[in-house]
Amino acid sequence: MPEKISREEKKQLKAFEKKLGYRFSKKALLKNSLTHKSYANERRLDASDHNERLEYLGDAVLELIVSHLLMENYPQAAEGELSKLRASIVNEKTLAGVAVAHDLGEYLYLGKGEEMGSGREKPSLLANALEAVLGAIYLDRGFKKAFKVIKRIALELFEQVGQEGFYKDYKTQLQERAQVLFKTVPKYKLVKESGPDHDKTFEINLTIRGELMGVGVGKSKKNAEQAAAKEALARIEKQAAAGAALASS
């Protein structure tokens with residue numbers, strides 16, 4: 001049987017809800033998601049009274065929603081690229097960082113051993129607890145609410161990955177190729193901006209020596225530029241292949 005939630009615990013859980021930006025209708029689910037098995041074992045609670053089952057569910061919900069958002073935000077990315085990008089977002093390091101940003105460690109229910117072993121700061125424990133919280137949100141109020149919370153978190157991570165992940169290679173590669181082949185650098189121009197402020201879409205034209213070489217669309221200007229650079233690289237490669245074939249004929 002799960003433990004009853006005391007008045008003091010309710011205050012603590014409410015403080016975490018405020019940081020998370022989501023209010024649970026079933027507070028027991030939130031407590032369950034924050035309960036490590038070391039705490040449950042010490043108090044001889046049932047296996048369902050710690051967060052591993054919710055972690056299992058949250059992992060699946062998170063992967064589905066992030067996959068959906070990646071397809072929306074990177075419409076020109078191939079399957080392999082989407083998989084790489086998802087892996088760079090749904091991993092222990094990144095999830096632990098999100099947990100730290102929301103002070104999740106402060107609210108965990110830990111056994112004495114984990115408490116003494118700095119369990120509140122362990123990346124694996126924090127990442128697992130965050131997935132459990134997301135699984136609890138899904139059970140609490142369904143997919144739409146879980147989608148809303150995960151989207152808010154994920155879009156911030158997309159920007160980080162877009163700046164530091166594999167996508168930066170398209171612009172870097174194109175600039176290097178353009179300097180060698182054309183003795184100049186690509187120029188990016190915003191040609192279209194649509195949608196409401198909270199969900200804009202940008203379209204970028206990329207030109208080299210005045211010639212349109214790529215068009216990119218994305219949920220941020222940076223992502224649209226990367227998409228345009230990818231298209232330009234593909235066009236340059238195609239032209240180079242055609243030239244080589246002509247020369248050998």
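The values are calculated or read from the model by the stated rules, or taken from the named source; none is laboratory data. A quick note: this is a predicted structure, and the numbers were derived from the prediction, not measured. Note that each Cβ is placed from the backbone with ideal geometry, even for glycine, and that neighbours are counted across all protein chains shown.
Of the residues making up region 78-98, those that are aliphatic (A, V, I, L, M) and either without any contact (Cβ under 8 Å) to a residue 24 or more places away in the chain or within 16 Å of Lys151 (Cα to Cα) (or both) are Ala78, Leu82, Leu85, Ala87, Ile89, Val90, Leu95, Val98.
For region 191-201, indicate whether the set of residues that are under 27 Å from the mean Cα position of the chain (by Cα), surrounded by 13 or more Cβ atoms within 10 Å (Cβ to Cβ) and either closer than 24 Å to Leu85 by Cα or in contact (Cβ under 8 Å) with a residue 12 or more places away in the chain (or both) is non-empty.
yes
So, in region 4-28, of the ones that are of a type in the set (Gly, Ala, Ser) and assigned to a loop (DSSP other than H, G, I, E, B), which residue ends up surrounded by the most Cβ atoms within 10 Å (Cβ to Cβ)? So the residue we want is Gly21.
Condition check for Glu63 on (1) under 26 Å from the mean Cα position of the chain (by Cα); (2) surrounded by 14 or more Cβ atoms within 10 Å (Cβ to Cβ); (3) free of Cβ contacts under 8 Å to residues at least 24 places away in the same chain: one failure, at (3).
The condition of being at pLDDT below 90 and either among the hydrophobic types (A, V, I, L, M, F, W, C) or under 20 Å from Glu115 (Cα atoms) (or both) holds for only one of Leu20, Leu45, that being Leu45.
Looking only at residues in region 39-53 that are part of a helix (DSSP H, G or I) and in contact with a strand residue (DSSP E or B) (Cβ under 9 Å, 6 or more places away or on another chain), the one that is nearest to Lys145 (Cα to Cα) is Asp49.
When you scan region 110-130, how many residues do you find that are surrounded by 14 or more Cβ atoms within 10 Å (Cβ to Cβ) and polar (S, T, N, Q)?
Initially, region 110-130 is screened for residues surrounded by 14 or more Cβ atoms within 10 Å (Cβ to Cβ), giving 110-111, 114-115, 117, 119-120, 122-123, 125-130.
Checking the rest, the ones that are also polar (S, T, N, Q) come to 128.
Counting residues in region 110-130 that are surrounded by 14 or more Cβ atoms within 10 Å (Cβ to Cβ) and polar (S, T, N, Q) gives 1.
Can you confirm whether Asn51 is surrounded by 20 or more Cβ atoms within 10 Å (Cβ to Cβ) and closer than 15 Å to Glu131 by Cα? Yes; evaluated as a whole, the condition is true for this residue. Going through region 114-141 one residue at a time, which ones are over 13 Å from Leu34 (Cβ atoms) and either of a type in the set (Lys, Arg) or modelled with pLDDT of 90 or more (or both)? Glu121, Lys122, Pro123, Ser124, Ala127, Tyr138, Leu139, Asp140, Arg141, listed by residue number.
Name the strands (runs of 3 or more DSSP E) wholly within region 146-249 that hold at least 2 residues that are in contact with an Asp or Glu (Cβ under 6 Å, 6 or more places away or on another chain) and modelled with pLDDT of 95 or more?
Counting at least 2 such residues, we get 187-194.
Within region 225-249, if we keep just the residues that are more than 13 Å from Arg177 (Cα to Cα) and touching a residue at least 24 places away in the same chain (Cβ under 8 Å), the residue that is surrounded by the fewest Cβ atoms within 10 Å (Cβ to Cβ) turns out to be Glu231.
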